[in-house]
Every structure is written in C-alpha cells, then in structure tokens.
Amino acid sequence: MRITCPFCGERDRREFYYQGAAVALERPVADAGEEAWDAYVHLRDNPAGVTKDLWYHESGCSSWIVVTRNTVTHEILDCTLACDTKSEVSI
Amino acid sequence: MAELIARPPCQGLLPLEIGTTTLSETDAGVLTSIMPFKGQEAALSEALIAAHGMAMPAANRTTGRAGIRAIWFGRGQVLLIGPSPHEALAWYAALTDQSDAWAVVRLEGAGAVDVLARLLPIDLRATQFKRGHTARTELMHMMASITRVGDQAFQIMVFRSMATTLVHDLKTAMEGVAARR
Amino acid sequence: MRIAGKGLIDRSKPVRFVFDGVGYDGFAGDTLASALLANDVRLVGRSFKYHRPRGVLTSGSEEPNALVTVGNGAAAEPNVRATVQEIYTGLEAKSQNRWPSLSMDLMAANDLAAPFLGAGFYYKTFMWPSQFWEKLYEPIIRRAAGLGALSGESNPDKYERAYAFCDLLVIGAGPAGVMAALVAARAGADVILVDEDSRMGGRLLAENCEIDGVPGVIWVDRVLSELSAMDNVRLMSRTTVTGAYDGGTFAALERVGHHRAARHAGLPLETFWRIVAKRSVLAAGALERPVAFRNNDRPGIMTAGAVRAYLNRWGVVPGQKVAVFGNNDDAHRTARDLLAAGVHVAGLIDSRHNAPDATGFPVYKGAMVSDTTGRRGLESITIRSVSGEDKLATDCLAISGGWNPTVHLTCHLNSRPVWCDDILAFVPSPSGVPGMGVAGACSGAFSTDRCLREGAAAAVAALEALGKSAPKTQIPDAEDAPYAIAPLWAVPGRGRAWLDFQNDVCVKDVKQAAVENFRSVEHMKRYTTQGMATDQGKNSNVAALAILADVTGRAIPDTGTTTFRPPFSPVAIAAMGAGAQGKGFAPERFTTSHAASVERKAPMIEAGLWYRPSYFPVPGETTWRQSCDREVDMVRHTVGVCDVSTLGKIDIQGPDAAEFLDFVYTNTFSTLKIGRARYGLMLREDGHVMDDGTTARLGAHHFLMTTTTAAAGQVMRHLDFVHQGLRPDLDVAMVSVTEQWAQFAIAGPKSRELLNGLFDADLTDAEWPFMACGPVQVMGVRGRLFRISFSGEHAYELAVPSRYGDSLFRTLLARADTLGGGAYGMEALNVMRIEKGFITHAEIHGRVTAFDIGMERMVSSKKDCIGKTMSERDGLSGADREQLIGLNPVGAVKQLTAGAHLFNADDDPVRVNDQGYVTSVAYSPTMGHMLALGFLKNGRARHGQKVRMVDHLRDLDALCEVVNPVFFDPDGERARG
C-alpha cells in the first residue's frame, strides 16, 4: 500500500501510523450533548466502498493526512492534509 | 572550575570504509530547527536570505551550500545547519537549538545508493533524488533525514541516542553490498 | 546420461559435489537435478505420506519431488528444490524423509498400509478418545510424514532486505519478457527485468528453436547484452517475484548466496526485495501438467517439457529408451528433439485418435498409458488402446497433459482466472492487478512468435500509460506452431493414480471427497490436502479440479478455483524478516550516561527502546534488592543522581502556546508564571487518562513539556493531531527536544550541596523554590535547572546539551561520592515513587479516569479541554469506581504482588466478589515492609479497612490495610523544604 503524502509524495505504508475514521476531525462543542459526543467518540461506519480515514506520516514529515480510499478495490482516491480539510469548515 | 567535555554522537564508531563506500561522522556545527509562525513564511525567507544568504527551502529541498545549509525537515519545519541563527529570525519563527539532538553522518562512494536501498523505503534513483534533494523517512526503524549532498554522497541524520544502531545498520548494509562485488 | 555436444553447460568447468555421501561430477551451469540425472541418479526422494520412491519430475521451481537438504549443521537448509539449486564445488546435499537410507526406507511400510491412509483417514480414525490426538496420534503421524527438518539451531546465515523502484517491472525473461523489456528500455523507461532462473531466456534455453535465423539462445543473449549495457535497465536473475500487492508493490526473493561455494563475509544468502513499479508486465510463462494414471509417480517419469529442457539446456537424457505420452502437439516436440539428438524413442502414445504422424518412432494413436512397473525406477509401461494392452520397456516416460499459464500473480489481489477451452487451461482475467499487462505463455500464447508479439505489445501499452512514446519495433521472425489439445486428466482404471505428488493425493481421494459431499473446490482441497504442499499444487490443481468437476457433473469453470495467495514459491521467514535478526530487531537508544553506568556494572533494563540502569551494585552486594535498598536509603538521607533524559521533552512555542496547552491539559497553564513548572494531566477524548508530566514555562510564548518515557511518541502524535486536526487556527509550533538535552535528577537532602559550586551563584530557596525552573551556566555550558522531584526529596533536574551528558554525569557522581551519595537506578526510582504514591503507566493504564486517581479537581471547570466532556459521563466517577489506594500488609503474609486482586476480608476470592487490583508493589526500606498501590472500589472512603489481596497465580493471600497512597511524607515537606 502506498500513500501520497501532500508534502513528501508517494510513500510506503510503513512510514505512516493509522488512526481511524476522519470523523475525529469533527469535534463537537463541549455542550453539544450526549448523542453528538457519543457519535464523535464511538460510532464509526464500516463501509464496503469509499471511506475517509486519518494517517499520520510519523516517520516522515509529521503531517496528519485524510486518506480517501475504497475498501473494496483498495484504490486510494485522495490524500489531503488534515489542517486543510479543517480550514474548509469554519471553526 | 573544570570544563565539561563534549562527546560527539558517533565517537568510537566511525569512520568506516567497506568496499567502495565510506561512512564518516560530520561535525555539522549548530543545528537549529526553524518553525515559522502563522503567515510569516515569506518574511522569514527574506530574513534568512539577509542573515545567511539563502532562502527557505521548499518541501523535500535544501538551500545553501556545504557548511551552511537549510534543509526541509518536515511539516512547517526547516533545519538550519552550520551557523548560529541570526536573532532576527526569531521574529518570524520559533527557533529551537537541536545541535546535540542528531547524529549526522556522511555516506559516500560508488555503492552508496545500493547501501541505502537496503535501509530506506524511498526512491533514490538519480533521476528522482538529485543533489540538493532531501527526504524525511525511516532508516530501518528510525526516523531519519536523508539529503543527497553529492553525486554519490549522502548526509544521513537520526536521533543521537540511536547512533550505535545507525552505524550497525549501515555497516551491515555496506558489508552486504561489498560482498557481492 | 550426458549427450556429447548438447546443452549450455560449461564443459571446461567440472564441478564435484556430494549427494547422500557419494561424490559426483557435473559442470558449471548444472542444477543439482540435471547433474544427478547426468549421473543416472533417478531416485532422489521419498514422498510425504507413503514414502514412495520419487525422482525428478520437472526442471523448474514447481518441482514437487526432488526436495533435498543442502549444507550441514545450523546452516542446513531443508526442502531445497534440486531443480533450482545450482551445483558448486563442495556442495553437499541429502535426500529427505527416509530412514535409514533413501534406497531402503523402512517407513515405506506406510505404502503397504495405503488402503487405510486415504483422504479423510485421520479424521475418521483418530477421533476417540479426544485426548489421544495430541499425545499419541499426532506425534506418530508427524514423525512418519514430512519433508526436510530444520536444524533446530539459530540460523547463522545473513538475510537482507532492499527496495527498488522502476517505471516498468517485467516478470519473466523468456521471449515475451525479454521483448517487453527491450521495447520499453529502448523508449527510455526505467526497466527492471527479473527472472527466477540463474540464466535468463526462459524456454528459449530449453527449446530447439530459431529467432531471426539464429538459435533462440543466441538471440536472447544478444538482447540481454544490449539491455545490460543500458543505464535504465536492471537485470535481476535468480529472483522470484513472490507476490503482487497494492499500489504497484511487488515482493521478490533474490537468491544471492545459494550458488556460491565461498561466501564472502557479510554476503546475504537471500535478499528480499520490495519493488515499486508504475507498470508491470507479467511474462511468467506456463507450467506443464502431468496426466494421472496408475503408478505414474515412479522415478523416470517426468514432464515432457522437462525432458526437453534437460536435453537441450543441460545435454542430459534421463534414460536409454524414452517413451512419450501426451494429449497435445507439444508432446511430439519432445520425441522429435530426442530423436534428433540420437536418443532411442521407444514410442509416442497420444490419446488423440487424430494425432499427427511421425517418422523415426512408433506413434500409438488413441492410446493411453495405464500402468507402470519398476520399484526404484521406471522399467516398463502398459499401453492401453482399443486393441487391448501392450507392455513397452522404457526407463523414462515423458508426459504432457497440456500447459497451465502461470497466472498466480494476477490473482494476488483477489482476481480469479478465466477458463479457456482452446488450451484447456485457466488464463488471467484482464484486470487482475492494476497496471499489469500479461504477455506470452502466461496469457495462453504458446508459440514463440506470439510470445514476442505480445511482449512488444505489452511494453507499448505500458509506455503509453507512462506517457512515453514507443519506437517502432520490428518483431523478430519465429515459429508460430499451432497447439492442439484434447481433454485427458486421468486415465480410467483401478489403483492409485497420483495427482499431487508432494502431498500424495490420488484421483480416488478427490472422488472420495465428492462422494462425502465435499463438492466445493475449497472443501475438496482441505479434505484431501490437494495443493497444500510447498509447491501449492502447481502441477496438479487444474487436473484435480477437472476430476472434481467430472464427478460432480459440473463444467470446470462452474467448479471454480482455489485462491492463489502469495508467495508464489516458498519464502523463508528469515528472508521476510530480513534485517531484523539480532541487533536489527529494534533500534537501541542509549543515554549519554550509558558508558559510565556500564563501567559501574549497572545491569540495564529496557524502557521502550531505551536502555536504563536498574541499579548500581557496590562491592559486597549480591542481589538487586540490596543495591536498591541502599540506593533508596542514600537518596532519603544524602543524595543520589539518576539519568532522566529518556522522559519525552517537547518544545512548544508561539503566541498561542498557552492556549494550546490549556486545551490539551485538564488543568490551566496560561496562568503559569515564567520560570515555574507545573504538573499536568492529559486525557484522551474518551475521558480516560492518557499521560502526565511537568511542563515548564521558559518564556511568555515558550513552554517545555515533559512526558513519560514510554508515551513520548504517543503524546507527540497526539499534540500534532490536536493542532493540525482540531485547532489549526492556533499559532503554535512543536518539536521534540528529548535528544537535545541530557537531564539528570539530583535528589536528596544534600542535593543542593552537591550542585552548589557548579553554577555561577549558589542556589537559594528564595531564587529556586519548589517548582522553579530556568537557565543556568553549568561549568561554562548553558544548561537548564528545574526544581522538581519524583522521589519526594528536595531535588533538582539539571539539563545540559547532550554532548556534555557523559561529562556532567561523571562530574555529578564524583561530587555525590564525596557527600556519601551516588548513582541510583530504575529500581530505587520506582520504590521511591511508590512510597510517595506517584503514578506511572502501571496506574494510568488506559482504563482509569482523573477521578479514579483522585485528580478530578485538576479538570478545570473554567475551560474546555480534550476529554473533559466525556470524563463527565455517568459511570466515570462515583463510589462504584475503583479508586487509587495504598496497601500495607497487616497479616501473616507480608509479600504483595502486582496483578493480584482485592476482596473483602470475609468474601470468597472469586471473580464476582472482586473489589479491585494491585498495580505496583515495592519493598520500602523507608517503611520497613512492602507497599502496594492499587485500585479499590470506593477506595478513598475505605482507608483503615482490611482487604484480602489474593494472587491466584502465585498462590498468595495477604491481609492488607487500605491506606492513603502517599505512604511517605504525605504533606510533601521534604520536597518543598
């Protein structure tokens, strides 16, 4: 498996740490309520198809990256810096 | 009062010459991690030109020359190698002394690329990784910085505490390459 | 028998080698198999289950029978295929799975018991009583069945791993692969051409053919010399591509040392390559399959293509009178080549009634071989036709049941091959591996002409995908012989007709599986073990499938195939784990004080990747406890020095640094004064404790965070995530400085006395109160001093740039020695922190909350922080929670153990009564007995009560009193004073 780091280019999977669903970027406000927090911390989809997850270029440039990939074909569709994804959403 | 005695990271381990490849420790001088504050990248680059005669390097690139070099060191980070950083840089960036944090070695010779191909999971072909190119990657299991400093010469950096393992891994690979000839 | 003038071996270079203790002669270029056949050695091994005598079947890596052990002692390598092993002077090989010798194998009695040992026999027979299976049946069965054995010693050979990158990877250097490489290389692409053979050329080395008017072997050598002169081409022979993976990644095993008599020091036996290619061309050729008939496994019976290869490449004929049996045109080629070489061809048996005629040997049309004789080697065959049965004397039978394209790699990403009726074989599905083209025999193109054309076309397609223009290429002239075949999988009749030679599976075993309703091909495979040996059924899977299809009344494509998985051929675990032997397993991190600690004979303990001293023994001390007790006593009464550089240190700067810390820590750091340090607690987002440590404020926008040694990497990752993923709006920069600073704890009542004299000015309480920090000049070097304590004593931590670490440590120890102090290690450090009730990751193990450790007041109510919301959930605080407590032994048993569980004094020590558990224990020389930290339900309200500590594993039952976890100096006066 090879992931294209937006900084470093295409690299072997061994350089990355896998975190899980990119849902982790959408942190609710403190008083968003139990359901929102439960969903944020615990609930994850397990799609056969396109999914977005977070990878950390741990032995590379230390970027957190949102990887869009297909769990069926293993195709990697997009790799974006987490900080860029975040700036699209108003904080 | 007695003075404290400095000890380089690879003391007693280097130099090595195996086959057509040599491995030696580099006294790189002062190492400073430069991390620009928000929106200060351009101003920082100008200050770096004014102070040290070189611009901020782009990702995976270096600027400067032997003895005074700025190498891209990861997301939002450049490592200034050689001189003490000019104090004006601190207006635009977080400066952190890292002079003692890294073991810096130089691998040179006809077999250097073959040796590194045994340790690094990155593409080192001369067409892809040219002189002045740099990469953050892993060497065996160690976070590393690799820079091509000559046609057949590389600067390799890993954390100081792992200097013994670095030399062990490089030596093993050098022996493997040399034994094939 | 060697034929004069034939073959590609170097007759000027004789090679002497040993097989089963007997010396033989061969030539450079021989494999062990070709050299043994040249010496008329036909019996080379015994079969897996029945110990049947077996000989060489093939000439390639698919060989099921001729497995030998090469070398002696620890370096002995079992299950080496004699068809792949090149000979060299001094080579020693031994046959396997026989006792006492190959020709007289007592285990061959299994063969007589064959009626009882068929498929499913074990399952049905050794069912009762169940405990007999492990103790009795399995050991006996395992001893009787098997292949070669490992030496049981540590493998002294070196294995290597390596990476390579290219535009185009061409797998297989036969006519198709060589042509593909040539076209792509001439267009300027970076090409890697790999072939598993020691010499490139594929079937061109084994066939009597011409390309562009010259022998195929001359043509291919010319192309290879052109390729080897190009900078953009890498030729890798003796390299098997063993797997295709995502993203254009391939695994390849290179045999580096196996063929060398003298190995230079450092030379790897094998190199395991990971090759990343933008495009690939699979030109892996095809494998010939035998036909099943009674006693088709005798030494001397080989595939027809192998007989041709031994003749044309190695100048060897495996018999005096050769018969050929087949169902296709390719079988005739073998007979013709033998005849042309002057070998007596006893006859050609072709199952087809319309088989072509031939001159020079009799052709038995519409006939089949139905049985054979010859105990340790073939003596005769029985030919059955409409006119009855004939016996034909022959010592070598060449069989061809057709060719199977080598589709394996195309299936490694879960694609299935497609059945092709024209060649009665599976061909690759077009989209098996992204970026991979398939050319030549492995796509079902069996003539040389078609191989060359497909190779060139695959290269052109790859070049287009790479954005390179392909130069016009002239396809060389070559034969384009037709390939006609009629179905023949097994000759009908009684007796055992072998399919899987390596796992001893017969036609009737497959039929039995179907009878017992194991009709799925995957079930049949597991029931019979068909295709489960080291050759993975390369010679037999398709025939077994065809037989299963026949008995279940289905067509072959409807029956399906088993799944091809990596590796294509066996890969030693040592090769896959190459580089990880010994010191290569994990990096070793040494502190700057390592050499000085070793000089003081301190045993090292691993903490993550770090090596830290356990204790520093002095003369007269014989146990670790003696040293540890002395070191604790020393720190409590005089002074001790300990290297604490391994704690994670993170430099945090920027206008928003304080706000950032307020967000990652439960408590507030924006209010911390410059020149002060504060203890901080970090939660995970789910509300549980992640890590703790002190953070110092060095400037308005400058902090230095410390983490525990083990969690340093995790915390750095977490901080990067919080910054990049959650708060990219904050202007803050972070970098690890763990390695920049060598840091030493100087702890004890005389710590200040030790340090005074090292700095420009003496330390005072006014300038350096508890939790103060700041820059110091230490012996002319800029350092940092922190008045913090993990021992509970008046203590400091002094940091200098790492290059001075060794020198400073020696200086501190020399000064400590004069004060009656000295160095202390991890054991004493641990005892003192337990005496003080300080937590480590033994306590914050991932399931405890700030409430559990009595720190809920550290979760600030005035701000949000990571984990705060979830920490307020029901169930994460309250009386039901297990809370941090201390335990003192008060009964007869004085020993406490970590991992033990806690029960009410009157309860049975069973799970339902569980009240908590012990996390840390130590013998406290300060208190004079053992102490424990642990978690107890509602523990904080139960100080003074008695509980039972029960360790079911160590059989301990100790009555304890629940106490405040701060056993020593609970008011902290010693550290502050």
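The values are calculated or read from the model by the stated rules, or taken from the named source; none is laboratory data. All values derive from a computational prediction rather than experimental measurement. With ideal geometry, Cβ positions are generated from the backbone for all residues, glycine too; neighbour counts draw on all protein chains shown. With ligands, DNA and RNA removed, areas are computed over all heavy atoms of the protein, side chains included. Shrake-Rupley method; radii C 1.70, N 1.55, O 1.52, S 1.80 Å.
Would you tally the residues in segment C:520-544 being closer than 19 Å to residue C:406 by Cβ, open to solvent by less than 10 Å² (accessible area, probe 1.4 Å) and not in a loop (DSSP other than H, G, I, E, B)?
Residues in segment C:520-544 being closer than 19 Å to residue C:406 by Cβ, open to solvent by less than 10 Å² (accessible area, probe 1.4 Å) and not in a loop (DSSP other than H, G, I, E, B): 2 in total.
Considering only segment C:785-796, I want to know if a residue exists there that is among the aromatic types (Phe, Trp, Tyr), over 48 Å from the mean Cα position of the chain (by Cα) and open to solvent by 10 Å² or more (accessible area, probe 1.4 Å).
no
Can you name the residue in segment C:164-213 that is among the acidic types (Asp, Glu) and not in a loop (DSSP other than H, G, I, E, B) and is also nearest to residue C:253 (Cα to Cα) among such residues?
C:167
For segment A:33-85, which strands (runs of 3 or more DSSP E) that fit wholly inside it have 2 or more residues that are open to solvent by 40 Å² or more (accessible area, probe 1.4 Å)?
Passing ranges, in order: A:50-56, A:76-81.
One line per residue, one yes/no per condition, for (1) away from every other protein chain (no Cβ under 14 Å); (2) crowded, with 20+ Cβ neighbours inside 10 Å; (3) touching a Lys or Arg at 6+ places or on another chain (Cβ under 9 Å):
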| position | (1), (2), (3) |
| --- | --- |
| C:716 | no, yes, no |
| C:726 | no, yes, yes |
| C:733 | no, yes, no |
| C:762 | no, no, yes |
| C:772 | yes, yes, yes |
| C:783 | no, yes, no |
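How many of the residues in segment C:943-967 are more than 17 Å from residue C:894 (Cβ to Cβ) and surrounded by fewer than 19 Cβ atoms within 10 Å (Cβ to Cβ)?
Result for segment C:943-967: 7.
Which of the residues spanning segment C:23-49 are more than 21 Å from residue C:395 (Cβ to Cβ) and surrounded by fewer than 24 Cβ atoms within 10 Å (Cβ to Cβ)?
Hits for segment C:23-49 are C:23, C:25, C:27, C:28, C:29, C:49.
For segment C:276-300, enumerate the residues that are closer than 25 Å to residue C:51 by Cα, touching a Gly at 6+ places or on another chain (Cβ under 8 Å) and not aliphatic (A, V, I, L, M).
Those that are closer than 25 Å to residue C:51 by Cα, touching a Gly at 6+ places or on another chain (Cβ under 8 Å) and not aliphatic (A, V, I, L, M): C:288, C:289, C:290, C:293, C:294, C:295, C:298, C:299, C:300.
If I filter segment C:248-268 down to residues being surrounded by fewer than 23 Cβ atoms within 10 Å (Cβ to Cβ) and aliphatic (A, V, I, L, M), which single residue comes out as farthest from the other protein chains (Cβ to nearest Cβ)?
Here the residue is C:261.
Within segment B:105-143, work out how many residues are away from chain C (no Cβ under 12 Å) and either part of a loop (DSSP other than H, G, I, E, B) or open to solvent by 10 Å² or more (accessible area, probe 1.4 Å) (or both).
Summing the residues that are away from chain C (no Cβ under 12 Å) and either part of a loop (DSSP other than H, G, I, E, B) or open to solvent by 10 Å² or more (accessible area, probe 1.4 Å) (or both) in segment B:105-143 gives 10.
For a quick check of your reading: which strands (runs of 3 or more DSSP E) sit entirely within segment C:1-74 and have at least 3 residues that are within 29 Å of residue C:254 (Cβ to Cβ) and free of Cβ contacts under 8 Å to residues at least 40 places away in the same chain?
Of the strands (runs of 3 or more DSSP E) lying wholly inside segment C:1-74, those with at least 3 residues that are within 29 Å of residue C:254 (Cβ to Cβ) and free of Cβ contacts under 8 Å to residues at least 40 places away in the same chain span C:10-19, C:22-28.
Inside segment C:159-189, can you point out the residues that are within 29 Å of the chain's Cα centre (by Cα) and within 14 Å of chain B (Cβ to nearest Cβ)?
Within segment C:159-189, C:159, C:160, C:161, C:162, C:163, C:164, C:165, C:166, C:167, C:168, C:169 qualify.
Within segment C:100-108, identify whether any single residue is at pLDDT below 85, surrounded by fewer than 21 Cβ atoms within 10 Å (Cβ to Cβ), touching a helix residue (DSSP H, G or I) at 6+ places or on another chain (Cβ under 8 Å) and away from chain B (no Cβ under 14 Å), and answer yes or no.
Within segment C:100-108 (the criterion being at pLDDT below 85, surrounded by fewer than 21 Cβ atoms within 10 Å (Cβ to Cβ), touching a helix residue (DSSP H, G or I) at 6+ places or on another chain (Cβ under 8 Å) and away from chain B (no Cβ under 14 Å)), the answer is yes, since at least one residue qualifies.
Within segment B:70-82, can one find any residue that is more than 8 Å from every other protein chain (Cβ to nearest Cβ), open to solvent by 30 Å² or more (accessible area, probe 1.4 Å) and not in a loop (DSSP other than H, G, I, E, B)?
Checked against the condition, which is being more than 8 Å from every other protein chain (Cβ to nearest Cβ), open to solvent by 30 Å² or more (accessible area, probe 1.4 Å) and not in a loop (DSSP other than H, G, I, E, B), segment B:70-82 yields no hits at all.
Every residue, every condition in (1) assigned to a helix (DSSP H, G or I); (2) under 30 Å from residue B:179 (Cβ atoms); (3) in contact with a strand residue (DSSP E or B) (Cβ under 6 Å, 6 or more places away or on another chain), yes or no:
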{"site": "B:6", "(1), (2), (3)": "no, no, no"}
{"site": "B:10", "(1), (2), (3)": "no, yes, yes"}
{"site": "B:38", "(1), (2), (3)": "no, no, no"}
{"site": "B:47", "(1), (2), (3)": "yes, no, no"}
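Answer yes or no: is there a residue in segment C:747-766 that is in contact with a His (Cβ under 9 Å, 6 or more places away or on another chain), in a strand (DSSP E or B) and not assigned by the TED database to the domain that holds residue C:658.
yes
Looking at C:277, C:306, C:262, C:229 in this structure, which one is among the hydrophobic types (A, V, I, L, M, F, W, C) and within 26 Å of the chain's Cα centre (by Cα)?
C:277
Of all residues in segment A:2-16, how many are at the interface with chain C (Cβ under 8 Å from one of its Cβ atoms) and surrounded by fewer than 15 Cβ atoms within 10 Å (Cβ to Cβ)?
0
I need the strands (runs of 3 or more DSSP E) fully contained in segment C:545-647, keeping only those with at least 1 residues that are on the phi > 0 side of the Ramachandran plot.
It comes to none.
Select from segment B:85-99 the residues that are assigned to a helix (DSSP H, G or I) and within 13 Å of chain C (Cβ to nearest Cβ) and list them in ascending order.
Scanning segment B:85-99 gives B:89, B:90, B:91.
For every residue, the table says whether it meets (1) in the same structural domain as residue C:255 (by the TED database); (2) open to solvent by 30 Å² or more (accessible area, probe 1.4 Å); (3) under 21 Å from residue B:10 (Cβ atoms).
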{"position": "C:569", "(1), (2), (3)": "no, no, no"}
{"position": "C:583", "(1), (2), (3)": "no, yes, yes"}
{"position": "C:607", "(1), (2), (3)": "no, no, no"}
{"position": "C:612", "(1), (2), (3)": "no, no, no"}
{"position": "C:629", "(1), (2), (3)": "no, yes, no"}
{"position": "C:633", "(1), (2), (3)": "no, yes, no"}
{"position": "C:637", "(1), (2), (3)": "no, yes, no"}
{"position": "C:641", "(1), (2), (3)": "no, no, no"}
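Which condition number does residue C:784 fail, the rest of (1) outside any helix (DSSP H, G or I); (2) of a type in the set (Lys, Arg); (3) within 21 Å of residue B:11 (Cβ to Cβ) being met?
Just one mismatch for residue C:784, condition (3).
Could you check, for segment C:86-97, whether at least one of its residues is assigned to a loop (DSSP other than H, G, I, E, B) and hydroxyl-bearing (Ser, Thr, Tyr)?
yes
So in segment A:11-30, with the set limited to residues that are in contact with a helix residue (DSSP H, G or I) (Cβ under 8 Å, 6 or more places away or on another chain), not in a helix (DSSP H, G or I) and not hydroxyl-bearing (Ser, Thr, Tyr), which one is farthest from residue C:865 (Cα to Cα)?
A:19
From the list C:707, C:694, exactly one residue is β-branched (Val, Ile, Thr) and open to solvent by 10 Å² or more (accessible area, probe 1.4 Å). Which is it?
C:694
Among the residues in segment B:25-32, are any at the interface with another protein chain (Cβ under 8 Å from one of its Cβ atoms) and out of contact with any Asp or Glu (no Cβ under 9 Å at 6 or more places or on another chain)?
no
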